[in-house]
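*Asks:* One structure is given below, represented as structure tokens, and several questions about it will come after.
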Amino acid sequence: MQAQAIYYPDFRVVSVISPKIYLQHPDDALTQHEGLDIINCHDAATLDQLFRERVRRSPNKVAYEQFSPTEARWVPHTWSQIATQVERWQVAFRDAGLSKGDRVGICYRNSIEWVIFDQAALRLGLVVVPLYTADRADNVAYVIGNAGARLVLFETQQVWDSVAATDEDVSCVETVLVMDGEATGKAHLVGDWLPEHGSHLERGMAEPDDLASIVYTSGTTGRPKGVMLSHRNMLSNAYSGMRSVALTPHDHLLSFLPLSHTLERTVGYYAALMSAAKVSFNRSIPELADDLQVCQPTVLISVPRIFERVHNKIYSGLADRSRFAQWLFDTAIEVGWRRFEHQQGLRGWHPSLLLHALTDRLVARKVRAQLGGKLRYVIVGGAPLSTSVAKTFISLGVTLLQGYGLTESSPVVSVNTLERNRPDSIGMLLRGVAAKLMEGNELWVRGENVMMGYWSNPEATRQVIVNDGDERWLRTGDCASIDVDGFVRITGRIKDILVLANGEKVPPSDIESAIKRDPLFEQVLVLGEGKSFLTALVCLSADLSVALCDDRGWDSNNWQTPEQQEYLVQKIAAQMEDFPGYAKVRKVAVSDSEWTVDNGLLTPTLKVKRVAVMREFSDQIDALYSGHGVHGA
């Protein structure tokens with residue numbers, strides 16, 4: 001296949017279709033912070049060297065903060081205190097007979113203990129296998145067995161018991177550690193297992209190109225694959241990301257995405273190490289709103305769903321407010337968005353901008369206060385961010401920067417920046433990342449961040465890694481476009497594209513994102529492969545759907561009446577006015593149960609498993625295409 005266009009790290013474009021175009025390179029964010037104590041890839045060539053260098057430079061600075069239930073307060077921990085604990089774990093790992101290259105798993109919540117475990121393992125050249133605490137026991141067991149982990153840390157004995165009780169082979173595990181409660185059988189309580197004192201290692205065992213971690217993709221189909229990431233992969237990606245959107249020693253992050261999620265690990269953990277930013281660990285997702293108020297972070301790493309829910313809650317609340325309150329909010333959005341576009345150099349000055357101080361005080365400031373009141377920006381990735389959601393928050397002074405990446409790219413490929421933010425895009429390529437568009441506009445990328453391959457799966461590796469001379473390219477599986485200003489846009493996923501009976505190709509993710517802008521729809525799956533029209537299987541908001549049915553006298557357990565169907569089709573149509581006619585959803589089925597990680601319909605990163613959902617609700621889906629009538633036609 002011949003590339004349609006190749007995009008180099010300096011944003012020079014070489015096209016085989018049109019003349020060469022030279023694009024302006026974005027500013028290096030770190031040049032704006034000269035004099036700050038930023039550790040680069042020359043100062044530290046491995047992840048454990050990064051940690052040791054930070055300890056050397058900032059021994060008494062607060063590194064992490066987490067809530068102690070026993071003390072009923074947030075407890076700070078300095079870099080030197082963390083280092084002391086890392087040295088205890090190093091001795092324990094060594095005494096357990098672990099040696100360079102051995103795999104160790106961690107199934108534990110975000111905490112200083114996660115960081116300590118990770119750094120001790122990396123220092124000894126061990127390979128860290130992160131496990132999702134919210135994942136099903138059989139999936140956790142599969143990952144442990146596939147990776148051949150010799151030691152695994154769990155929160156409680158009960159979690160290990162549930163993993164051991166599955167049909168998966170976990171006989172590779174020689175040492176089981178549990179953090180809390182009691183330990184029985186082959187398990188040990190961490191407090192009893194750790195030595196009282198540690199031992200300092202002058203030099204770590206790892207080299208830059210050694211395997212540092214096997215991160216299992218929470219794929220929407222089939223078994224998860226183990227992505228092999230080296231020290232260089234993650235370190236280079238963290239530093240390149242810092243050059244696009246910088247963290248500083250004055251920043252404060254609230255960590256709530258699982259550290260088993262590569263975005264949180266690379267940006268919220270390793271990049272924070274580079275900059276000496278402070279990190280507080282969220283107690284739990286239900287307590288996130290409270291923790292935002294208490295910790296008042298300046299930076300968040302998030303997935304879109306968090307802000308989609310806040311967005312929907314805001315608009316649901318507005319429906320019950322006075323017309324003046326609704327008008328005031330709409331005015332704040334309009335003025336805030338015009339101000340944003342003016343600051344980005346996209347629009348000229350307008351007299352309405354004079355209203356900004358007033359609308360900010362009456363509306364926007366109250367929303368920002370709910371998020372702690374000090375946010376400088378939020379990096380959003382892991383799934384597409386709705387432009388309408390981005391517009392709402394940006395207009396209210398909450399800067400959302402959408403990025404894009406894959407676990408296989410450590411993970412960040414591109415990101416918007418503070419100075420160059422196009423919410424309808426996934427930003428510009430990071431320095432050190434090259435991209436090209438291939439057949440079907442598939443996005444291929446290369447750089448030091450591209451994975452080593454899939455663990456014990458050379459066939460899967462060959463399907464996504466292409467060696468072209470001295471260049472090694474990763475096939476992302478995503479369709480993209482790149483404009484003359486260097487902004488990348490994802491236009492669909494090759495495997496997920498629906499081909500209708502008339503040959504029209506439809507990317508379902510775009511439609512699903514649009515539909516979910518309406519707070520009534522919690523989860524959406526658009527269908528229509530080989531059919532003459534599109535349909536949708538949806539999960540409705542429990543509170544909103546019950547209130548709606550009570551108001552209209554409908555049965556909330558039965559959404560099959562023509563009146564209900566017409567209502568849902570119209571609600572969806574209201575969100576899809578900009579889509580072509582063939583992309584309209586004509587019929588809707590309401591799922592009678594929620595899609596969750598526990599029932600196997602969502603991945604641990606909350607992505608819908610299309611095949612699993614279609615299998616689970618096959619009867620309802622078949623009914624959408626049976627008979628002669630078509631609702632909403």
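FYI, it's all coordinate maths here, none of it is from the lab. This is a predicted model, so every value here is computed, not measured. So basically every Cβ, Gly included, is an ideal-geometry build from the backbone, and we count neighbours across all protein chains shown.
*Asks:* Based on the alpha-carbon gyration tensor of the chain and its eigenvalue square roots a ≥ b ≥ c, which shape applies: rounded if a/c is under 1.5, prolate if not and a/b is larger than b/c, or oblate?
*Replies:* It comes out rounded by the Cα gyration axes.
*Asks:* With both partners inside the chain, how many of the DSSP beta bridges are antiparallel, as a percent to the nearest 5?
*Replies:* In the chain, DSSP labels about 60 percent of beta bridges as antiparallel.
*Asks:* Then there's this: Measuring from centroid to centroid over Cα atoms, what is the spacing of the range 516-591 and the range 263-277 in Å?
*Replies:* Rounded to whole Å, the Cα centres lie 40 Å apart.
*Asks:* To the nearest 20 Debye, how big is the dipole of the chain about its Cα centre, given +1 on the beta carbon of each Lys and Arg and -1 on that of each Asp and Glu?
*Replies:* 1560
*Asks:* State the extension gain, in nm to one decimal, for the chain segment bounded by residue 343 and residue 596, taking 0.36 nm per residue of separation less the distance between their alpha-carbons.
*Replies:* Answer, rounded to one decimal: 87.0 nm.
*Asks:* Here is a follow-up. By how many degrees, 0 to 90 and rounded to 10, does the Cα axis of helix 137-147 deviate from the longest principal axis of the chain?
*Replies:* Tilt relative to the chain: about 50 degrees.
*Asks:* Now a separate question. What ³J(HN,Hα) values, in whole Hz, does the Karplus curve 6.51 cos²θ - 1.76 cosθ + 1.60 give for the range 199-212 when θ = phi - 60°, with x put for Gly and Pro?
*Replies:* 9, 7, 9, 5, 9, x, 8, 8, 10, x, 9, 6, 5, 9
*Asks:* Net charge within 15 Å of residue 62 by Cβ-Cβ distance, Lys/Arg positive one each and Asp/Glu negative one each, not counting residue 62 itself?
*Replies:* Neighbour charge sum, excluding residue 62 itself: +2.
*Asks:* Loop sites only, by DSSP: take the GluC sites (Glu not before Pro) in the chain that have at most 10 other C-beta atoms within 10 Å and name the longest stretch containing none of them.
*Replies:* In the chain, the maximal stretch lacking such sites is 203-576.
*Asks:* Continuing with this model, one more query. If you take every DSSP beta bridge fully contained in the range 498-624, what fraction is antiparallel? Give it as a percent rounded to 5.
*Replies:* DSSP beta bridges in the range 498-624 are roughly 65 percent antiparallel.
*Asks:* Using the crude model of +1 on Lys and Arg Cβ and -1 on Asp and Glu Cβ, and no other charge, please compute the dipole size for the range 44-276 relative to its Cα centre, in debye to 20.
*Replies:* Roughly 840 debye for the range 44-276.
*Asks:* On to the next question. Measure nothing fancy, just the Cα-based angle from helix 231-244's long axis to the longest principal axis of the chain, in degrees from 0 to 90, nearest 10.
*Replies:* Between helix and principal axis, roughly 50 degrees.
*Asks:* Now for a different question. Cβ under 12 Å from residue 312's Cβ, residue 312 left aside: what net charge do those residues give with Lys, Arg +1 and Asp, Glu -1?
*Replies:* +1
*Asks:* What span do the alpha-carbon atoms of the range 498-624 cover on each of the three principal axes, reported in whole Å from largest to smallest?
*Replies:* Largest to smallest, the principal-axis extents are 42, 33, 26 Å.
*Asks:* Based on the Cβ-Cβ distance from residue 70 to residue 369, what FRET efficiency comes out when R0 is 30 Å, to the nearest 0.05?
*Replies:* For residue 70 and residue 369, the calculated efficiency is 0.50.
*Asks:* Taking the beta-carbon count within 10 Å as an exposure proxy, list 352, 111 from fewest neighbours to most.
*Replies:* 352, 111
*Asks:* Please give the Cα centre distance for the range 399-473 versus the range 348-373, rounded to the nearest Å.
*Replies:* 36
*Asks:* Could you work out Rg/(2.2 N^0.38 Å) for the range 241-395, with Rg from alpha carbons only?
*Replies:* Rg over 2.2 N^0.38 Å, computed on Cα atoms: 1.11.
*Asks:* Quick one: 428, 451, 438, 614, fewest Cβ neighbours within 10 Å first, how do they rank?
*Replies:* Least crowded to most crowded, the residues run 614, 438, 451, 428.
*Asks:* Something else now. Any idea what angle helix 47-57 forms with the longest principal axis of the chain, computed on alpha-carbon atoms, 0 to 90 degrees, nearest 10?
*Replies:* Taking Cα atoms only, the helix is inclined about 70 degrees.
*Asks:* For the range 172-181, what does the Karplus curve 6.51 cos²θ - 1.76 cosθ + 1.60, with θ = phi - 60°, yield as ³J(HN,Hα) per residue in whole Hz, taken in order and with x for Gly and Pro?
*Replies:* Those phi angles translate into 5, 6, 9, 10, 10, 10, 10, 7, 10, x Hz.
*Asks:* From the backbone phi of the range 278-295, what are the Karplus-calculated ³J(HN,Hα) couplings (6.51 cos²θ - 1.76 cosθ + 1.60, θ = phi - 60°) in whole Hz, Gly and Pro given as x?
*Replies:* So the Karplus estimates, Gly and Pro as x, are 7, 10, 10, 9, 4, 5, 5, 4, x, 9, 4, 4, 5, 5, 4, 5, 6, 7 Hz.
*Asks:* Would you mind ranking 349, 114, 473 by Cβ crowding within 10 Å, fewest neighbours first?
*Replies:* 349, 473, 114
*Asks:* For the range 498-624, what is the charge dipole size about the Cα centre, in debye to the nearest 20, if Lys and Arg each add +1 at the Cβ and Asp and Glu each add -1 at the Cβ?
*Replies:* Computed about the Cα centre, the dipole is about 520 debye.
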